[in-house]
1. If I go through the range A:47-78 residue by residue, how many of them are more than 29 Å from the chain's Cα centre (by Cα), aliphatic (A, V, I, L, M) and more than 9 Å from every other protein chain (Cβ to nearest Cβ)?
2. Suppose the filter is among the hydrophobic types (A, V, I, L, M, F, W, C) and more than 20 Å from the chain's Cα centre (by Cα); does A:Cys372 pass it?
3. Checking B:Ala286 against (1) buried (at least 24 other Cβ atoms within 10 Å of the Cβ); (2) away from every other protein chain (no Cβ under 14 Å), which test does it fail?
4. Does the range B:134-155 include one or more residues that are assigned to a helix (DSSP H, G or I), touching a Phe, Trp or Tyr at 6+ places or on another chain (Cβ under 8 Å) and under 24 Å from B:Arg5 (Cα atoms)?
5. Residues of the range A:119-139 being farther than 13 Å from A:Val211 by Cβ and surrounded by 23 or more Cβ atoms within 10 Å (Cβ to Cβ), which ones?
6. Please go through the range A:156-188 and pick out each residue that is of a type in the set (Val, Ile, Thr) and in contact with a Phe, Trp or Tyr (Cβ under 7 Å, 6 or more places away or on another chain).
7. Any idea how many residues of the range B:103-122 are in contact (Cβ under 8 Å) with a residue 40 or more places away in the chain, at the interface with chain A (Cβ under 9 Å from one of its Cβ atoms) and in a loop (DSSP other than H, G, I, E, B)?
Protein chains: 2
Amino acid sequence: MGVSRKIEGFMSQSSWIRKMFEDGAKLKKQYGAENVFDFSLGNPNVPPPVRFKEVLGEIAGEDIPGMHAYMPNAGYPETREAIAGYLSKEHTVSLSADHIILTCGAGGALNVILKTLLDPGDEVIVPTPFFVEYTFYVDNHGGVTKLVETKDDFSLDLMAIGDAITEKTKVVLINSPNNPTGKVYDEESINKLADLLDEKSRGYGTEIYLVSDEPYSTIVYDGVKVPSVLKAYRNSIIATSYSKTVSIPGERIGFIAASPELSDLEKIMSGAILCNRILGFVNASALMQRVITKMQGITVDVEEYRRKRELLCDGLSSLGYRFVKPEGAFYLFPRTPIEDDVEFVRLLQKKNILTVPGSGFGKPGHFRISYCVDDATIINSMKGFGEVISSL
Amino acid sequence: MGVSRKIEGFMSQSSWIRKMFEDGAKLKKQYGAENVFDFSLGNPNVPPPVRFKEVLGEIAGEDIPGMHAYMPNAGYPETREAIAGYLSKEHTVSLSADHIILTCGAGGALNVILKTLLDPGDEVIVPTPFFVEYTFYVDNHGGVTKLVETKDDFSLDLMAIGDAITEKTKVVLINSPNNPTGKVYDEESINKLADLLDEKSRGYGTEIYLVSDEPYSTIVYDGVKVPSVLKAYRNSIIATSYSKTVSIPGERIGFIAASPELSDLEKIMSGAILCNRILGFVNASALMQRVITKMQGITVDVEEYRRKRELLCDGLSSLGYRFVKPEGAFYLFPRTPIEDDVEFVRLLQKKNILTVPGSGFGKPGHFRISYCVDDATIINSMKGFGEVISSL
């Protein structure tokens, strides 16, 4: 009678990630944190760049009247300009402050975009496996999520996306580098996706927006580069944050960047500014906005994550685990040696290894390992990973 | 075709406050900021307490691993404990960390509460005049706002509230000290409201939650005290922030505090923690959470606002304006000398005085003056206020 029926339903399904987290907390109490191998959460453990600390200290020490007051609803103009300037170079497109809105992380950005765009029943196409929060975000604003499988190597299946598009498709939501797979969609596939969306929206007489959630954009390996959706497709919008690239997810700062060629650009940006306000975000922290103004192009030490990736991939590979080697982010998404991924994750848990079943990401038969952990956690977990696979 | 129909509608109605803000920006460019008397926005101009600066400096300078990482979804346990401890004393109820959730300001808190509680079509009763964002917040989560007039002195009209309650009433949402009137509902009226809600929910076999939005709780004058809803009513929830009490609205930090006797307490708190996450807030800034842990009971210099209130009330009163003297917050809500409040606000604007018509708060025939401005703005505006009233 208290909680709404929908939220009650969500709670009973519960998030796998959260469940693992709670079980993990119990195990840690029982066995000591150093004896539990917690790969369940994507909470970055590589520290923020040294420059972040310096800039934070400087700005926190300043004494400017109104520095903690409300700013214009889109964020500080100078922050928006700094981001636009940096992105213009990175994406080789011409962005101004008018194309940028500061947000409460990428989660905030996505909710603002979806609320701005979706009419009831509008469809949002999401390639699987996918970040579990998306279905909630889409549902929050009356949309319908349509999941579309990716190929075996987790690359986009354009045929399947094409088949899924209807006249009700308003958004295609991609996440690259991907959580949970670490896949980075290459330039060719993004260009082909853009062609497909162009063709389909012309065919239906609609606008289909490509929303790219890319908080891991600078965490990429082996010279891989995340192609620019802003360059590839006129109706593209980036939702992102500094949570992973600067290792400050607790500070809740990100932004929306819209293609200058977006159809209905001005109205969509005004709508998004309104939605940022009426959803209760209002804005990202004033202090953090001023900090990231001075942090453009500065990123965490990706070499740290690369080393962890090698440790994990080499270790699991030699034990007989099969996976697609991630090109970015800090997740590995191996196949489970048995079909039942939930059961397999339980077997790992008995060895004090905490992971998340692929079912939680819309892809059974797999499990997710977040390798944003100490090297020791990776190294010391190998015994358990080995015992489980050889027991099957 | 881009923006959703609903958001398009919201944009065309537009917020009066925002409209005034934009017109004001134009006037300031034209005449110079010192010649424009901007009473349109509730952006506090009294600086944060000195202690805030000190604590911020200390905490920003610390070097604790993970201090900018994700924390548990309800917020830092120690922050929740500090808030619970302070509130327990203030409200003389026994709260623990389990009753507190950190949020992205009071706007975030209200959205989280409403999403947690509302089924489609559930009714939320709001006494008018009211903070304009409420109708958006309620609509975000499928609820229906039912506006109920207050009495001439802006006190609660319990008869009218009683008449408005139906079996679909899930929430009564009050705001005290009130924006835009500065009214503080006294203990007797809160107790009677509690009795009414008790009686009605027993009658209908429902639970009616009293949600109290009280970000101005410590900005009160003449010894007035905001009575405790937690003490008065078992099904009460506070939504609040440090935006006004510590003058840091840009930092987006607030909290939810639930009555320990809340029906369905555990489920509602779990639901709210889930909603905080899936709405994209995840949490308030990690840094700010740690700052406010050390700021319990510390508030801005209320004497500053009291002095501004006197300046404004004395000035306008002697010019012949009629109003209920505010008991808290930093708003004055006089009657307009002519019936058409929008027209009257336009007349003031011609004298470079920016205010907001009462229509924007569901109460025509009035206008709102935000007096969180420099004393000079108040003093120098009196000429224009006088010219307008004597021209009518």
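1. Just the residues of the range A:47-78 that are more than 29 Å from the chain's Cα centre (by Cα), to begin with: A:58, A:61-67, A:69.
Narrowing the set further to residues that are aliphatic (A, V, I, L, M) leaves A:64, A:67, A:69.
Now narrow it down to the ones that are more than 9 Å from every other protein chain (Cβ to nearest Cβ): A:64.
Counting residues in the range A:47-78 that are more than 29 Å from the chain's Cα centre (by Cα), aliphatic (A, V, I, L, M) and more than 9 Å from every other protein chain (Cβ to nearest Cβ) gives 1.
2. Numbers: among the hydrophobic types (A, V, I, L, M, F, W, C): yes; more than 20 Å from the chain's Cα centre (by Cα): no.
Considered against the rule, which asks whether it is among the hydrophobic types (A, V, I, L, M, F, W, C) and more than 20 Å from the chain's Cα centre (by Cα), A:Cys372 comes out as no.
3. (2)
4. Initially, the range B:134-155 is screened for residues assigned to a helix (DSSP H, G or I), giving B:134-140.
If we keep only those that are touching a Phe, Trp or Tyr at 6+ places or on another chain (Cβ under 8 Å) too, we end up with B:136.
Imposing the further condition that a residue be under 24 Å from B:Arg5 (Cα atoms) reduces the set to B:136.
Yes, the conditions are met somewhere in the range B:134-155.
5. Selection gives A:Pro129 alone.
6. Filtering the range A:156-188 down to residues of a type in the set (Val, Ile, Thr) leaves A:161, A:165-166, A:169, A:171-172, A:174, A:181, A:184.
Residues satisfying the conditions are A:Val171, A:Ile174, A:Thr181.
7. The total comes to 4.
Results for (1) crowded, with 21+ Cβ neighbours inside 10 Å; (2) within 30 Å of B:Thr169 (Cβ to Cβ), shown as yes or no for each residue.
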{"site": "B:Met1", "(1), (2)": "no, no"}
{"site": "B:Gly57", "(1), (2)": "no, no"}
{"site": "B:Met71", "(1), (2)": "yes, no"}
{"site": "B:Glu81", "(1), (2)": "no, no"}
{"site": "B:His91", "(1), (2)": "no, yes"}
{"site": "B:Ala106", "(1), (2)": "yes, yes"}
{"site": "B:Ile113", "(1), (2)": "yes, yes"}
{"site": "B:Thr116", "(1), (2)": "yes, yes"}
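The values are calculated or read from the model by the stated rules, or taken from the named source; none is laboratory data. Just so you know, these numbers come straight off a predicted model, no measurement behind them. Note that we place each Cβ from the backbone using ideal geometry, even for glycine, and neighbour counts take in every protein chain shown.
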